[in-house]
Amino acid sequence: MKKFLLSENGTFYKANLHSHSTFSDGKLTPEQMKKAYMEKGYSIIAFTDHNILLSHNYLSDDKFLALNGMEIDFYEGWNPDFVDQGKTYLTWKGCHVNFIALSPDNVVQPCYNRKKNHVIGTGQKYTDLIKFDTSKPDFEKIYSGEGVSKAMLEAQQNGFYVVYNHPAWSLESIEDIKNYSGFNALEICNYGSCILGIDDYNPKIYDDVLRTGKKVFCIGADDNHNHVPLDAKDSDSFGAFTMIKADKLDYPSVVKALLNGNFYASQGPEIFDLYYEDGKVYITCSDAERICLTAGTRRAKAVYANGDKPLNSAVFNITDEDVYFRLTVEDKNKLHANTNAYFLEDLIK
């Protein structure tokens, strides 16, 4: 029986699920970001300013969807007031996590601390707009497996989609990440870090996480701050994105697709069809140099383009021992599109 891993029906919408505006340390207003990204074919932006959750519903229309979110940060040996504790900013190890609201009306900020909620940049003047649950005690951010997990789980329980961000920039390894519970997805590519020269394309980290038994998705995102012009070589916009296949461009449909993993991450290549049938996985895509299968074991397989003829499809056998599989499309510019991981026990169900 054929099982579509990316829905047979629906439309792909191009999304940037990690962004910063003038509501924190970004240089573009949300309105400017909407205009710039729509000109590049995007339909969705999640506004995830640092430690500030605000409604951007006013930006949404029949061609564009604003998702409301925020980025929360945890650091080792650092407090939110930037008190010098013998370390510089570049040496702080930490963890950044995005919370994306599952409802457009959910703009009550989780994990809030009245005294220690640190909004950076121009966002400091907007702190009076933050809504939080006054009946809850102040949330203490502690950089530890337990502390970060507590925030992730609280966010999930309060109606947020949780994304673990840029492990390379954060100086974290699988030894740190394996201790976190409560995230829906991780950034397999953070373009803002890559443009700085940090290797934050993270397929190895994704596999490490999956092999601990965590069933999480992967996204691509810019993490844009736009401190240079959009057309500059070191612009941090338009380099990594998530293609979400939804029934229509509205908040409930896009959230449903995110929760169901009906999307893929990309730096450029497109995936058109992806399905599983009779022990094989089938993929069609834009022009590629190779398509790779990665399994939950050591088993892997790659199919290559033949001479000057591009590769546009592949079929891979899946074995009972694979645990999970995921596919990677690589084009002639060494840019990648990454599917989510699919666990065999779920496919059998």
Applying the selection to segment 128-176, what residues are free of Cβ contacts under 8 Å to residues at least 60 places away in the same chain, open to solvent by less than 20 Å² (accessible area, probe 1.4 Å) and in contact with a Gly (Cβ under 6 Å, 6 or more places away or on another chain)?
-> Ser149, Met152
For segment 203-212, does any single residue satisfy the condition of being surrounded by 15 or more Cβ atoms within 10 Å (Cβ to Cβ), at pLDDT 95 or above and touching a His at 6+ places or on another chain (Cβ under 9 Å)?
-> yes
Breaking point among (1) without any contact (Cβ under 8 Å) to a residue 40 or more places away in the chain; (2) touching a strand residue (DSSP E or B) at 6+ places or on another chain (Cβ under 8 Å); (3) under 27 Å from Val107 (Cβ atoms), for Ala246 = (1)
Go through the residues of segment 299-308 one by one and say whether even a single one is modelled with pLDDT of 95 or more, among the hydrophobic types (A, V, I, L, M, F, W, C) and within 20 Å of Asn260 (Cβ to Cβ).
-> no
If a residue has to be open to solvent by 10 Å² or more (accessible area, probe 1.4 Å), in contact (Cβ under 8 Å) with a residue 40 or more places away in the chain and of a type outside the set (S, T, N, Q) to count, how many in segment 177-191 make the cut?
-> 2
Residues of segment 275-308 being open to solvent by 80 Å² or more (accessible area, probe 1.4 Å) and among the polar types (S, T, N, Q), in sequence order, are Asn306
Give the number of residues within segment 30-65 that are touching a Ser or Thr at 6+ places or on another chain (Cβ under 8 Å) and under 19 Å from Ala155 (Cα atoms).
-> 7
Evaluate segment 141-150: report whether one residue or more is over 28 Å from Cys292 (Cα atoms), in contact with an Asp or Glu (Cβ under 7 Å, 6 or more places away or on another chain), among the β-branched types (Val, Ile, Thr) and in a loop (DSSP other than H, G, I, E, B).
-> no
Collect the residues in segment 109-158 that are of a type in the set (Val, Ile, Thr), closer than 18 Å to Thr48 by Cα and within 23 Å of the chain's Cα centre (by Cα), keeping them in residue-number order.
-> Val119, Ile120, Val148
The lone exception for Leu311 - which of (1) open to solvent by 30 Å² or more (accessible area, probe 1.4 Å); (2) over 22 Å from Val209 (Cα atoms); (3) touching a strand residue (DSSP E or B) at 6+ places or on another chain (Cβ under 9 Å) it fails | (1)
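Just give me the residues in segment 1-29 being within 14 Å of Phe64 (Cα to Cα) and in contact with a strand residue (DSSP E or B) (Cβ under 6 Å, 6 or more places away or on another chain), in sequence order. Even if it seems obvious, please write down each step before you answer.
Pass one, segment 1-29, residues within 14 Å of Phe64 (Cα to Cα): 11-17.
Once the filter is applied, which keeps residues that are within 14 Å of Phe64 (Cα to Cα) and in contact with a strand residue (DSSP E or B) (Cβ under 6 Å, 6 or more places away or on another chain), segment 1-29 yields Phe12, Tyr13, Lys14, Ala15, Asn16, Leu17.
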Enumeration of residues in segment 45-59 that are surrounded by fewer than 23 Cβ atoms within 10 Å (Cβ to Cβ), of a type in the set (A, V, I, L, M, F, W, C) and either within 14 Å of the chain's Cα centre (by Cα) or not in a loop (DSSP other than H, G, I, E, B) (or both) | Leu59
Has segment 30-38 got at least one residue that is at pLDDT 95 or above and polar (S, T, N, Q)?
-> yes
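Which of the strands (runs of 3 or more DSSP E) contained wholly in segment 154-266 include at least 2 residues that are of a type outside the set (Gly, Ala, Ser) and farther than 30 Å from Phe132 by Cα? Please lay out each step first, then the result.
Working: elements: 160-164, 185-190, 217-221, 241-246, 263-266.
Passing ranges, in order: 185-190, 241-246, 263-266.
The values are calculated or read from the model by the stated rules, or taken from the named source; none is laboratory data. All values derive from a computational prediction rather than experimental measurement. Glycine gets a Cβ as well: all are built from the backbone with ideal geometry, and neighbour counts include every protein chain shown. All accessible areas refer to the heavy atoms of the entire protein, side chains included, with ligands and DNA or RNA removed. Shrake-Rupley method; radii C 1.70, N 1.55, O 1.52, S 1.80 Å.
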